[in-house]
Ligand SMILES: Cc1cc2nc3c(=O)[nH]c(=O)nc-3n(C[C@H](O)[C@H](O)[C@H](O)COP(=O)(O)OP(=O)(O)OC[C@H]3O[C@@H](n4cnc5c(N)ncnc54)[C@H](O)[C@@H]3O)c2cc1C
């Protein structure tokens, strides 16, 4: 089936019907040096249509857990790459971390309205904490591939050893003066020369205009704090897109 993500609209999001299928665990690798996050690929029989920033549900023991699809949609690819935070005793995260390669996994996709708004503005401000980067990486990557889009990505983590995908973001930043990113650490070591503190400490340093769109992804506290800051700064609620990963 031929699909294109060159143009997509709210209409397309509404008419996408999630499909229920079986994928197989294809590979897994650690993401950060500290071992807090890992990437895992699910292999489908056929390519599936989804938009950058959307997520799938895996169904395990009758329970559903959501994971963002970190690679861009492509008519030729049958692999969906997830970025998962290791959580002690977590049902789905432990399964994805330990199940044998080749294990079948029940998945339903796609879901989610946190997707690029490139037709509506050219300035995009992306803010993630922790694994929230999983849904913002494909949005950043897709926007970066469109001409003329201004992208600022702010990512909050705890320790320096939690950082991953810096090579990806460094490449975007080196290739385009329209892509800027910064990582802020709440518990940096002495050698850290980057930003320190929470994403909320630095959001006001990022320029925006009334047309800008904000994409926020992470835990509830960050989203609540960020919405309050942006409201004070006059950002319309309709220009703030969010995905809450956890409470
Ligand atoms: C739309 C959406 C997209 C998501 N995308 C991703 C993603 O790309 N990558 C990713 O890693 N997660 C993502 N999540 C979170 C994910 O769906 C699971 O909630 C998470 O992996 C925990 O599931 P579990 O079955 O392993 O743990 P559970 O068995 O549900 O919980 C185990 C323990 O961990 C605690 N806990 C649960 N979730 C978290 C959390 N996120 N942080 C800290 N403690 C937690 C619980 O309170 C419990 O004590 C997303 C959530 C949503 C709603």
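The values are calculated or read from the model by the stated rules, or taken from the named source; none is laboratory data. Predicted, not measured: the structure shown is a model, and the values here were computed from it. FYI the Cβ positions are ideal-geometry reconstructions off the backbone, even for glycines, and counts take in every protein chain you see.
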Filtering segment 211-234 down to residues that are outside any helix (DSSP H, G or I) and more than 20 Å from residue 139 (Cα to Cα) yields 233, 234
Of the residues in segment 223-247, those that are in contact (Cβ under 8 Å) with a residue 60 or more places away in the chain and within 12 Å of the ligand (Cβ to nearest atom) come to 242, 243, 245
Among residues of segment 56-81 being closer than 17 Å to residue 140 by Cβ and modelled with pLDDT of 95 or more, the residue surrounded by the most Cβ atoms within 10 Å (Cβ to Cβ) is 68
Scanning segment 40-55 for residues that are under 21 Å from residue 12 (Cα atoms) and in contact with a strand residue (DSSP E or B) (Cβ under 8 Å, 6 or more places away or on another chain), the one surrounded by the most Cβ atoms within 10 Å (Cβ to Cβ) turns out to be 53
Considering segment 128-164, residues that are surrounded by fewer than 19 Cβ atoms within 10 Å (Cβ to Cβ) and either more than 25 Å from residue 87 (Cα to Cα) or touching a helix residue (DSSP H, G or I) at 6+ places or on another chain (Cβ under 9 Å) (or both), and then whichever is modelled with the highest pLDDT, we arrive at 158
Going through segment 66-104 in order, the residues found to be away from the ligand (no atom under 13 Å from the Cβ) and either touching a helix residue (DSSP H, G or I) at 6+ places or on another chain (Cβ under 7 Å) or assigned to a strand (DSSP E or B) (or both) are 72, 79, 104
Among helices (runs of 4 or more DSSP H) entirely inside segment 117-208, those with 3 or more residues being assigned by TED's automatic domain parsing to the domain that holds residue 241, away from the ligand (no atom under 16 Å from the Cβ) and touching a strand residue (DSSP E or B) at 6+ places or on another chain (Cβ under 6 Å) are 166-175
* Based on what the data block shows, is residue 58 touching a strand residue (DSSP E or B) at 6+ places or on another chain (Cβ under 8 Å), within 13 Å of the ligand (Cβ to nearest atom) and not assigned by TED's automatic domain parsing to the domain that holds residue 171? -> yes
